[in-house]
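This report concerns only the one structure given below.
The values are calculated or read from the model by the stated rules, or taken from the named source; none is laboratory data. Since this is a predicted model, take the numbers as computed values, not measurements. For neighbour counting, all protein chains shown are included, and Cβ atoms are generated from backbone atoms with ideal geometry for every residue, glycine included.
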């Protein structure tokens, strides 16, 4: 495909880790097909990217633009005004100037690909007469939910605002959903700015010539087929590191946590509970104590727990561990502030994954063939939990009691069910089946690989 090497693509994303990662994986995928990719995000993410979140690769460049806020300001505290006001105004102007500068240096972009949280990029693409595509960085299920919400807003709002509403939500391609299965951005209790941005994205869907999904067809086939009659989404995933898919020549991650790998190497096959609840979700003090007690109660439980001791995230302090917990579990547990999750999940010692159900983590556990205990918090996580448990059938859902507390008994029930329960074997077999399908989708002739090839060939034909 040497003729495609002069085709340039610009990718634009928000600065969040969960947004940058799938775009980087997509960028590397397009680069492997011979395209030149420039990935652009705000200056706020410069240090993250250049210090190793995204390793520089042939045919991939990284560029940055100002979002309009002083660099010293806390983006989380200004998030509403940032994504509703500053980015669509100042970010758009500065991105446009960046494109002009890059064009002067010889980069003529055939396409701009933005993620679903920066819809204003379509206006910049129009200004420069560049075609536009979108990477939906969540599941095809949430794409369908937000699409139908947008087109049936009034009926949805009437239901969601009624505290006595008990009926289910009927989304084509999905089982009936309860309110607790919906993305939290839709709920009246959620801050409105993310929903406003996503509804803006839905308003400009017709401006995208391609919409790609960070999923794969065999995983969400019914959703892909159901959306074809409205606004089609083309899965190109799973967007994970090539090493997870056993791709020949895949590069090992130099950021590997030696402590984790050394410890896991000493554990028995399929013996470790892996616990990681994302970079934003925070366990309360009572949740932390309940989880610690559940892990401590059985001397046979071995665990790897990723948590940042005492750190505040979005103004919320993480719960502190019980005083005797570390001493009592030191021979069978490891707690670390960070690990290379993809390497952990593919390690033979991992038995199951207690996860917050972020979509990146969902794809990684599916690609690794690991059953889950789903404990969602916010955004798309409740929907992903519904998928993992009731659609993909690879796990159990951990729930709070009616008084809003997570009890030790509930945690122990889920741990038992996913490791030794009557359905544990079926969950593991289903997880392995999805692992095989994930790899198949990305291979030559696979559905995701074909969708990427079609895109590359279309861009190449236009650039001749």
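Structural remarks
- Condition broken by residue 379, with the remaining ones in (1) on the phi > 0 side of the Ramachandran plot; (2) assigned to a helix (DSSP H, G or I) satisfied: (2)
- Residue within segment 434-444 that is under 21 Å from the mean Cα position of the chain (by Cα) and closer than 14 Å to residue 353 by Cβ present: yes
- Residue match in segment 318-326 (condition: modelled with pLDDT under 90, in contact with a strand residue (DSSP E or B) (Cβ under 8 Å, 6 or more places away or on another chain) and surrounded by 15 or more Cβ atoms within 10 Å (Cβ to Cβ)): yes
- Screening the candidates 284, 246, 297 for the property of being touching a strand residue (DSSP E or B) at 6+ places or on another chain (Cβ under 9 Å), at pLDDT below 95 and surrounded by fewer than 21 Cβ atoms within 10 Å (Cβ to Cβ) yields one hit, 284.
- Some residue of segment 409-425 being surrounded by fewer than 23 Cβ atoms within 10 Å (Cβ to Cβ), out of contact with any helix residue (DSSP H, G or I) (no Cβ under 9 Å at 6 or more places or on another chain) and not in a helix (DSSP H, G or I): yes
- If you check 84, 104, 63 for being out of contact with any strand residue (DSSP E or B) (no Cβ under 8 Å at 6 or more places or on another chain) and either free of Cβ contacts under 8 Å to residues at least 40 places away in the same chain or over 23 Å from residue 10 (Cα atoms) (or both), only one passes: 104.
- Any chance residue 377 is under 22 Å from residue 294 (Cβ atoms), under 17 Å from the mean Cα position of the chain (by Cα) and surrounded by fewer than 22 Cβ atoms within 10 Å (Cβ to Cβ): yes
- Counted residues, segment 394-406 - those being within 19 Å of residue 274 (Cα to Cα) and surrounded by fewer than 19 Cβ atoms within 10 Å (Cβ to Cβ): 1
- Residue list for segment 125-148, filter: outside any strand (DSSP E or B) and in contact with a strand residue (DSSP E or B) (Cβ under 7 Å, 6 or more places away or on another chain): 125, 130, 137, 140, 143
- Neighbours by Cβ (under 6 Å, 6+ apart or cross-chain): first from segment 140-159, under 24 Å from residue 388 (Cα atoms); second assigned to a helix (DSSP H, G or I) and at pLDDT below 95: 149/156; 149/186
- Helices (runs of 4 or more DSSP H) wholly inside segment 174-286 containing at least 2 residues that are farther than 23 Å from residue 22 by Cβ and in contact (Cβ under 8 Å) with a residue 12 or more places away in the chain: 258-265
- Test: residue 166 is assigned to a loop (DSSP other than H, G, I, E, B) and at pLDDT 95 or above: no
- Residue tally, condition touching a helix residue (DSSP H, G or I) at 6+ places or on another chain (Cβ under 6 Å) and at pLDDT below 95, over segment 426-464: 1
- Considering the conditions (1) surrounded by fewer than 15 Cβ atoms within 10 Å (Cβ to Cβ); (2) at pLDDT 95 or above; (3) in contact with a strand residue (DSSP E or B) (Cβ under 9 Å, 6 or more places away or on another chain), residue 259 is excluded by exactly one of them, (2).
- Residue check for residue 141: in the same structural domain as residue 194 (by TED's automatic domain parsing), within 30 Å of residue 9 (Cβ to Cβ) and buried (at least 24 other Cβ atoms within 10 Å of the Cβ): yes
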